[in-house]
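Participant: One structure, as structure tokens, below. Some questions next.
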Amino acid sequence: MSVTTVGDPSYRNGTTRPTAGRSRQHDWRFVLVGALLSFVPVLIILQMIRIQTDPEQVALLRERIPRYQGVVQLIQPPRGLIYDRWGRLLAGNKTVYEVGVELADVKNPDTIADTLDIVLDVERSYVYKLASQEASETAVYAVLATHVTEEQVQKLQVLKDQMELSGAGSKDEKKPSLSGLVFSPMLGRTYPEKETASNILGFVSLDGQGYYGVEEHYNPMLAGRKTTQIFPLDPTQAKDMPSVPPGASLVLTIDREIQAEVERILDEAIEYHGADSGTVVVLNPRTGEVLAMATTPRMDLNNYREYLGQYDTDNPFNRAVSYAYEPGSVFKILTVAAGLDSGAIKPETVFLDTGVFEIGGIYIYNWNGGAWGQQDMTGCLQHSLNVCMAWIASQTGAATFYDYMEAFGIGSLTGIDMAGEAAGRLKRPGDGDWYDADLGTNSFGQGVTTTPLQMAAAASALANEGKLMAPHVVRSMIDKGYQYDIEPRVLSTPVKPETARTLSEMLATSLEVESSVALVPGYRVAGKTGTAEIPTPYGYTSNQTNASFVGWGPVDDPQFLVYVWLEKPSSSIWGSEVAAPVFSEIVQHLVVLLDLPPDAIRQQLTQSQ
Amino acid sequence: MNRVQNLTQAYSQAPWRIQMQIIGGFLLALVSIAIVAGIYLNVSARATTIGREIQGLQSDIRKLDREIADLQSQVAFLKSAAEMEKRAKEMGFRPIGMDETLFIRVPGYVERRTAVMAPAPGPVTLPPPSQPSEYTESLFAWLQRKIRNSSFPFMSLQPFKVQP
């Protein structure tokens, strides 16, 4: 039996297994490379575990996810439009721009600051501070100016292009460059009628908030609903732009032509009579629709930043709804209405005016201090006798008198759909500051405050068969493609229809008898003047007054009511000389714009139907 | 024992055949994955392109909306009360006086109506906006739908009896 050595041939031929030796020698290199290659994945896995389990990391990532997922964009729907009653645009939208900087692209913040200072009148230091920020993960874009006009943006674009063409250098070279400046279009508010009806409309600020008038009252509806949407950066996840409906549009009761005409007449009257300010309210007494509401001062709503220089506590944005004053003798129509309706007096009731009436420990005198002798109630209104009014109030009784005043809406908001309405003040028996004497003074419009709109609304009840309609300026709303009409609403019925008719007749007669300058040829109107002394800390002024007139017509079928108030006129203190002619002039234009034929023709046309 | 070996050998695959089968299977899987990935890429690319086109069109809509608003405002400026009065005066017109107005009866004349900018709300309800399924369903859902649709004719077959 032979024994054969079995083994590696190389071993056998005396090479002492050199390959195996080298292989073992170099094994550590493979191990090292393997370990190195494994090290990084192991680190990645450990990091993944750490990120997944460390609460801080989890929170941080959750916060960062949206930033990397997409761009968050605020989608603001176009603001609703505002039209007059015939569909003429009063408040619309136009393209304006937001000017900003992409911080990573800014080469020369000095140039940007200088240019915007000159072209947009934006403070240089403010722009420089924003534009010179270092771009970072949190600072990408900065807004420099908003509501920039198309013309201004075109100027900036031309400058930017010129600088680019002239070979603007890098950031270090500090060559002039507007690189990084970007313009984003958006819709901003515009008012085509400029000053006309500005006190009714109000305005919209840069942040889209409506202020004053209709813009503030209906802001939530006009502005629509803003939406925030994340647009994914991943192109495979391109998202639809959400359908954001525009804000609701409004059709006002205002007639632009009447409004413009009334404003023109009022401005002329203020200038002619040297008054501090003026207010006119034109209503349809049948519906409570405000056809025009003119007041001063007014402003071009396209430059609404002038607001701060024009308005303050003594000069509210809209005197017609926000300024309560002692109306004076125009208030007498309510006193007589209360007396007639309660049965305390009749039109033919005779009052002996001795020139003085004692009530609550004070003496009431007439406006001229005289005694007017025997007067029926029409005479009391015609001569505007304070003594007679105080007597009527005392005959009516305090409780009844104030109940009627409340029913006429005195001392409470009319609820008109405009921002900033004032309620005025009506003291009542039981109030801490009410005295018996107040009944006497209140009867002729002293010691009680109302806004011009409140007085106009109260008087409109007398023109509308005793029904007080809620005054309003919005006729319809247009939302989601449908038009919703607002139906006229009865606020109260302070007097009976026959009382209203009787008083209208008495007022029309009193104007005719005294040949008032308020009369309008061809049209029978009813009305009452008012001359109110102005209360001061030292008592009532006698040389400065509030001159007013309230009137309506045609008496047999009232279609309009006009309230005129001129504050502190210098040409004359009397309402009959200052406010009454303004009423007449307004009505002469109004009947043309309303297509109202003279009474005789109207009656003739009605009979022939 | 030899018989068993002979049988086993007879039915055994040659090693090269087994290798070919493995390679073939691997290639088949690879090709299948490539096809699915290709289809997925193709569909995704088309969806993305269309999505971007939609975004572009939406951007155009916003631009047109702004242009319409601009034009509306421009027209309103040109037709504002002050502008109209100025133009009327330039053309020789003047405001009519109260005593110059002539009222005549015109049979059939319809009085001017206040603005009607939109229809009054009625019982008509619009259908909800629909989006094509191409924009909403996943590839897997699409495949499922296609398969279901292709097999539908067979699924609808009902067994029937032959009347004697």
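Participant: Could you put A:VAL122, A:VAL513, A:VAL564 in order, starting from the residue whose Cβ has the fewest other Cβ atoms within 10 Å?
Facilitator: A:VAL513, A:VAL122, A:VAL564
Participant: Summing Lys, Arg as +1 and Asp, Glu as -1, what charge do residues with Cβ under 14 Å from the Cβ of A:ALA508 carry, A:ALA508 excluded?
Facilitator: My count for the surroundings of A:ALA508 gives -3.
Participant: Now a separate question. Under a point-charge model restricted to the Cβ atoms of Lys and Arg (+1) and Asp and Glu (-1), what is the dipole moment magnitude of the stretch A:265-323 relative to its Cα centre, in debye to the nearest 20?
Facilitator: In total the dipole reaches around 280 debye.
Participant: Would you list which lysines come within 27 Å of A:LYS346, measuring only between C-alpha atoms, while excluding same-chain residues fewer than 8 positions from it?
Facilitator: A:LYS332, A:LYS427, A:LYS467, A:LYS496, A:LYS528
Participant: Which distance in nm do the two modelled labels at B:THR49 and A:TYR126 give, with both placed 7 Å along the Cα-to-Cβ direction?
Facilitator: Each label point is offset 7 Å from its Cα along the Cβ direction, giving 4.8 nm.
Participant: Related question: Hey, what do the phi angles of the stretch A:119-132 turn into as Karplus ³J(HN,Hα) couplings, whole Hz, using 6.51/-1.76/1.60 and θ = phi - 60°, x for Gly and Pro?
Facilitator: 7, 10, 6, 9, 4, 4, 4, 5, 5, 4, 4, 6, 6, 8
Participant: With axes computed from alpha carbons, what is the tilt in degrees of helix A:55-69 against the longest principal axis of chain A, rounded to the nearest 10 within 0 to 90?
Facilitator: Helix A:55-69 sits at roughly 70 degrees to that axis.
Participant: Across the stretch A:266-275, in residue order, what do the Karplus-derived ³J(HN,Hα) couplings come to in whole Hz, using 6.51 cos²θ - 1.76 cosθ + 1.60 with θ = phi - 60° and x for Gly and Pro?
Facilitator: 4, 4, 5, 5, 4, 5, 5, 9, x, 8
Participant: List the longest stretch of chain A that has no exposed loop site; here a site is one of the GluC sites (Glu not before Pro) assigned by DSSP to anything other than H, G, I, E or B, with at most 13 other Cβ within 10 Å.
Facilitator: A:349-609
Participant: Whole number please: convex hull volume per residue, Cα atoms of the stretch A:393-529, in Å³.
Facilitator: Taking only Cα atoms, the stretch A:393-529 has a hull volume of 156 Å³ per residue.
Participant: Taking square-rooted eigenvalues a ≥ b ≥ c of the alpha carbon gyration tensor, is the stretch A:42-177 rounded, prolate or oblate, where a/c under 1.5 means rounded and, failing that, a/b exceeding b/c means prolate?
Facilitator: Since a/c reaches 1.5 but b/c is at least a/b, the shape of the stretch A:42-177 is classed as oblate.
Participant: While we're on this one: Among A:ILE44, A:ILE478, which comes first, then next, by fewest other beta-carbon atoms within 10 Å?
Facilitator: Fewest-to-most Cβ neighbours within 10 Å comes out as A:ILE44, A:ILE478.
Participant: According to the square roots a ≥ b ≥ c of the eigenvalues of the Cα gyration tensor, what is the shape class of the stretch A:238-338, taking rounded for a/c under 1.5, prolate for a/b larger than b/c otherwise, and oblate for the remainder?
Facilitator: Taking the square roots of the gyration eigenvalues as a ≥ b ≥ c, the stretch A:238-338 is prolate.
Participant: Okay, moving on. Could you tell me whether the stretch A:387-432 comes out rounded, prolate or oblate from its Cα gyration tensor? Rule is a ≥ b ≥ c as square roots of the eigenvalues, rounded for a/c under 1.5, then prolate if a/b exceeds b/c, otherwise oblate.
Facilitator: prolate
Participant: Would you grab the residues whose amide H sits under 5 Å from the one on A:VAL182? Only those 5+ places off in sequence or on another chain, please, with H modelled 1.01 Å from N.
Facilitator: A:GLY100, A:VAL101, A:GLU102
Participant: Sticking with this one: Relative contact order (percent) for the stretch A:290-347, with alpha-carbon contacts under 8 angstrom and 6 or more residues of separation?
Facilitator: 26 percent
Participant: Now, a different point. For the stretch A:353-364, what does the Karplus curve 6.51 cos²θ - 1.76 cosθ + 1.60, with θ = phi - 60°, yield as ³J(HN,Hα) per residue in whole Hz, taken in order and with x for Gly and Pro?
Facilitator: Residue by residue, the stretch A:353-364 yields 8, 9, x, 8, 9, 9, 8, x, x, 10, 10, 9 Hz.
Participant: Next question. For the residues A:LEU352, A:LEU181, A:LEU334, A:LEU308, what sequence is obtained by ranking on other C-beta atoms within 10 Å, fewest first?
Facilitator: A:LEU308, A:LEU352, A:LEU181, A:LEU334
Participant: To the nearest 20 Debye, how big is the dipole of the stretch A:341-471 about its Cα centre, given +1 on the beta carbon of each Lys and Arg and -1 on that of each Asp and Glu?
Facilitator: Dipole about the Cα centre, nearest 20: 100 debye.
Participant: From the alpha carbon gyration tensor of the stretch A:300-400, can you work out the equivalent ellipsoid semi-axes (sqrt of 5 times each eigenvalue) and give them in Å, largest to smallest?
Facilitator: In descending order the semi-axes read 39, 15, 13 Å.
Participant: Assigning unit charges at the beta carbon (Lys, Arg +1; Asp, Glu -1) and nothing else, what dipole magnitude in debye, to the nearest 20, does the protein assembly as shown show about its Cα centre?
Facilitator: 5860 debye
Read the figures in this text as sums done on the coordinates, not as results from a lab. Computed from a predicted structure; not experimentally measured. Glycine gets a Cβ as well: all are built from the backbone with ideal geometry, and neighbour counts include every protein chain shown.
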